[in-house]
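First the structure, in the form of structure tokens, and then the observations on it.
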There are 2 protein chains.
Amino acid sequence: MTQDTFFQQVSDNAYQYENNPQAIEQESFRQIRELTDLSAFTQDQQQVVMRVVHSLGFPDVSTQMRFSQHATQAGREALAKHCAILCDVEMVKQGVTKRMIEREPLCFLNDPRTAELAKNKGETRSMAALSLWQDTLAGSVVLIGNAPTALFRLLEMIAQGAPKPALIIGMPVGFVGAAESKEALWQVHERLGIECMTLLGRMGGSAVTSASCNALLRCNIQEYY
Amino acid sequence: MTQDTFFQQVSDNAYQYENNPQAIEQESFRQIRELTDLSAFTQDQQQVVMRVVHSLGFPDVSTQMRFSQHATQAGREALAKHCAILCDVEMVKQGVTKRMIEREPLCFLNDPRTAELAKNKGETRSMAALSLWQDTLAGSVVLIGNAPTALFRLLEMIAQGAPKPALIIGMPVGFVGAAESKEALWQVHERLGIECMTLLGRMGGSAVTSASCNALLRCNIQEYY
């Protein structure tokens, strides 16, 4: 099928459309490369940026992407060792491609202990869930795609001496605290000695966060686009 | 806490941030109303548009939202009767707020029958999964947030006489077929006699799709923002 006929209406009730998943993915990333300014990024960073653009359908977002110096390498190495993957919400966990991981990602948001902690402390469940991260935080890859409060709390925990994850992918979306929490992550990461990837501004979300992790998993199996 | 101090850095290692979930939600929607042009929409449509903006962190997207004439009403009535909710992917299913529904949403993407159908037919699993929708399609609310091929296939099935859902929320994201499939939905819905909501262009995704359904569920319990 040529590019022009990837999708075409052939009659009132029928469409001709590419239905081979590999062909769809190849063509998607060909278009993303064409539409996105990737010149500022290393090869591995480009894979992450393209997955973020793919998840949002919005090439301009590349200008908002930030990577700490060894972020992709630290993430790839930790994932190659089957590190814990800690997620703020179930949708992020759901978005991590299962065929590429051996250990199920962790999310404590719906853990009964979390609801009780949140109630007792009068804080968000997203914040309370982090109390249950302590034991698995060291060397983990953290995915925060939804809750700015979780990202703020994590930064505070690390500043106060909590074990350090190998990589924080912090990309919460929204209007209250999302941009601020990502800016905070970007501002303090060097001082705290943590590797991170983030998407500055209001945009973000579960899909871009898990897609960023999936990009690193794909680099590890040499699946480059 | 005043608006100015919703988030504030109070020392090198500490942030002051609003951690009351209700306050965060109220303030988010106050900002969204301020930033988004909602003048073209009815009260219920506004609730959907604001949830979409909330999920994407992108107010400009409101200009791309489309509703068929009775879309919100048809969706609300079907959901009030605890209709089947059919999802193209697990992330969409995960995004539907569980406390507001009595029946678990359905997703057949990982059903063993789907993988076999896809292999035999040489098509995407997203398309193949729709073969398993037939029995529950009548009067359902359909959520397609990821796969353009699923949306194309659904339109073909309905054109060929398949039972009609009460509402199609069609908001796949991406570069190959996403914009085309949503344009097709918008162009044919009147002729096919179906109610629909869509977000034209490349943007969309699991989060906006389930958020649109959640907006209707909230209208049904008079939770307006």
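The values are calculated or read from the model by the stated rules, or taken from the named source; none is laboratory data. Here the structure is a predicted model, which is why all the values come from computation and not from measurement. Because the Cβ atoms are built from the backbone with ideal geometry, glycine has one as well, and the counts that use them run over all protein chains shown. The area values use the complete protein model at the heavy-atom level, side chains included, leaving out ligands, DNA and RNA. Shrake-Rupley method; radii C 1.70, N 1.55, O 1.52, S 1.80 Å.
Here are some notes:
- Extension gain, A:Gln69 to A:Leu35: 0.36 nm times the residue separation minus the Cα-Cα distance gives 9.7 nm.
- Net charge dipole, the protein assembly as shown: roughly 660 debye, given to the nearest 20, about the Cα centre with Cβ charges of +1 for Lys and Arg and -1 for Asp and Glu.
- Interface residues in the stretch A:162-179 - accessible area drops by 50 Å² or more relative to the isolated chain, probe 1.4 Å: A:Phe175, A:Val176
- Mean-position separation - Cα centroids, the stretch A:152-225 and the stretch A:92-113, in angstrom: 16 Å
- Over chain B, accessible surface divided per residue gives 41 Å², non-protein components excluded, 1.4 Å probe.
- Think of each Lys and Arg Cβ as +1 and each Asp and Glu Cβ as -1; about the Cα centre, that makes the dipole of chain A roughly 620 debye.
- Scaled against 2.2 N^0.38 Å for its residue count N, the alpha carbon radius of gyration of the stretch A:137-185 is 1.07.
- Taking every residue in B:181-188 and counting other chain Cβ atoms within 10 Å of its Cβ, the average works out to 2.
- Protection proxy ranking of B:28-35, A:136-143, by the mean of other Cβ atoms within 10 Å over each peptide's residues and highest first, is A:136-143, B:28-35.
- Peptide B:87-95 has a mean of 4 when you count, residue by residue, the C-beta atoms of other protein chains within 10 Å of its C-beta.
- Selection among B:Leu137, B:Val49, B:Thr63 by position relative to the dipole of the stretch B:6-140 gives B:Leu137 as farthest towards the positive end (Cβ unit charges, Cα centre).
- Rounded D (µm²/s) - the stretch A:168-207, Kirkwood Rh over Cα pairs, Stokes-Einstein at 37 °C, 0.692 mPa s: 327 µm²/s
- Taking every DSSP beta bridge that has both ends in the stretch B:40-220, the antiparallel portion is near 20%.
- Farthest toward positive dipole pole in chain B [+1 Lys/Arg, -1 Asp/Glu at C-beta], among B:Leu185, B:Ser28, B:Met157: B:Met157
- Rg [Å, one decimal], Dmax [Å, integer] - the protein assembly as shown, C-alpha atoms: 21.3, 64
- Intensity falloff of the stretch A:89-162 expressed as log10 I(q)/I(0), Debye formula with alpha-carbon point scatterers, at q = 0.14 Å⁻¹: -0.45
- The contact between chain B and chain A removes approximately 4300 Å² from the accessible area (both sides summed; 1.4 Å probe; ligands, DNA and RNA excluded).
- Shielding of B:54-62 by partner chains, average beta-carbon count, 10 Å: 5
- Distance distribution note for chain A: the fraction of Cα pairs above 32 angstrom is 21%.
- The protein assembly as shown, helix-only ellipticity at 222 nm - DSSP H runs n ≥ 4, -39,500 (n - 2.57), divided by all residues, nearest 500: -14000 deg cm²/dmol
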